[in-house]
Each structure stands twice: as C-alpha cells, then as structure tokens.
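Inspection log for the structure reproduced underneath, given as structure tokens.
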Amino acid sequence: AITSLVANTLYNPSLVPLVTALTMASPLLLPVPVEWERRSFAEFSHWLLTSKNMLALGIYRSNKVVREDASSERKNAASATMHYMYTSPPAFEAHLFRSDRVLVVAPSMDD
C-alpha cells in the first residue's frame, strides 16, 4: 500500500498534502442525530462537510440493525451483537440508523 502511494505521488503530487492532512486530523465517531435517521449517508456527509467542516469516511454499525431492517420481526434476540465498519458506503443507497456511529475526521486544532 505504501509503495503504491509513493508511486502515485509521481502522477498526482497533491496526494502528499492530502495524506499529511489526513494523518494529522482527529478521527471521531459521531452518533447519528435523530433528525438524520433513515436519511442517506450522502446527505449527512454533505451536511457534515459544509456545516461542521468534518469529512465522513464510514459508518460503524451493528449487525442486528441490518437484520431488523431486512425483516420486521426480530429473529433470535439472544444472538451476539457484532459491529463492523462500513467504509465508503454507496452514498445514496446507504441510510443511517439511530444506533449507527459515523467515522469522521476533523481538522487539527493547530490548522
């Protein structure tokens, strides 16, 4: 991965400041506000970028949310809950749930 990044900087020199800025940024897991529940990841990430100056990278989600959304009945409520990181989700097809957390990067304080 690092070799590919170094090679690509020859063709796209803007990668160096981009990667530097991303490594200096503070990662955060934000809860989904009630008013954003069931809305698309695209809408929420656009709002975060324009209103809060934060870049959304993915969704931290429970496997139970996906199963409950797929069927209206709860199946095996005693099963273990597992969480996963949904990185770069299809923006308009991925909708947010109340239990989701959104991984964002925010500018460092010294910027």
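The values are calculated or read from the model by the stated rules, or taken from the named source; none is laboratory data. Computed from a prediction, not measured in an experiment: that's the story for all the values here. Virtual Cβ from ideal backbone geometry, glycine too; neighbours counted across all protein chains shown. Only protein heavy atoms, including side chains, enter the accessible area calculation; ligands, DNA and RNA are left aside. Shrake-Rupley method; radii C 1.70, N 1.55, O 1.52, S 1.80 Å.
Structure values in brief
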| read-out | value |
| --- | --- |
| Debye, to nearest 20: dipole size of the chain, +1 on Lys, Arg Cβ, -1 on Asp, Glu Cβ | 360 debye |
| In range of the label at residue 4: residues from segment 44-64 whose backbone nitrogen is under 19 Å from the point 7 Å along Cα→Cβ | 57-58 |
| Sequence ranges 12-25, 45-58, ranked by mean other-Cβ count within 10 angstrom, highest first | 45-58, 12-25 |
| Most to least accessible of 84, 11 (protein chains only, probe 1.4 Å) | 11, 84 |
| In Hz, Karplus ³J(HN,Hα) per residue of segment 97-105 (6.51, -1.76, 1.60; θ = phi - 60°; x = Gly, Pro) | 10, 4, 7, 5, 10, 10, 7, 10, 10 |
| Residue-level accessible surface for residue 35, protein heavy atoms, 1.4 Å, Å² | 120 Å² |
| Length gained when the stretch residue 15-residue 99 is fully extended (0.36 nm per residue, less Cα-Cα span) | 26.8 nm |
| Where the chain is the region considered: accessible area per residue in Å², 1.4 Å probe | 69 Å² |
| 222 nm mean residue ellipticity, helices alone, for the chain (DSSP H n ≥ 4; -39,500 (n - 2.57); rounded to 500) | -9000 deg cm²/dmol |
| Mean-position separation - Cα centroids, segment 85-100 and segment 1-25, in angstrom | 26 Å |
| Nearest-10 value in Å² for the accessible area of residue 103, using the 1.4 Å probe | 40 Å² |
| Portion, in percent, of the accessible area of the chain that falls on carbon or sulfur, probe 1.4 Å | 61 percent |
| Built amide H within the under 5 Å cut-off of residue 60, gap 5+ | 86, 101, 102, 103 |
| Stretch gain in nm, segment residue 28-residue 108, where the contour uses 0.36 nm per residue and the Cα spacing is subtracted | 27.6 nm |
| The chain shape via C-alpha gyration tensor axes, a/c threshold 1.5 | prolate |
| Dipole-positive endmost among 57, 86, 2 within the chain (Cβ charges, Cα centre) | 86 |
| Value of relative contact order over the chain, rounded to a whole percent, pairs C-alpha under 8 Å and six or more apart | 43 percent |
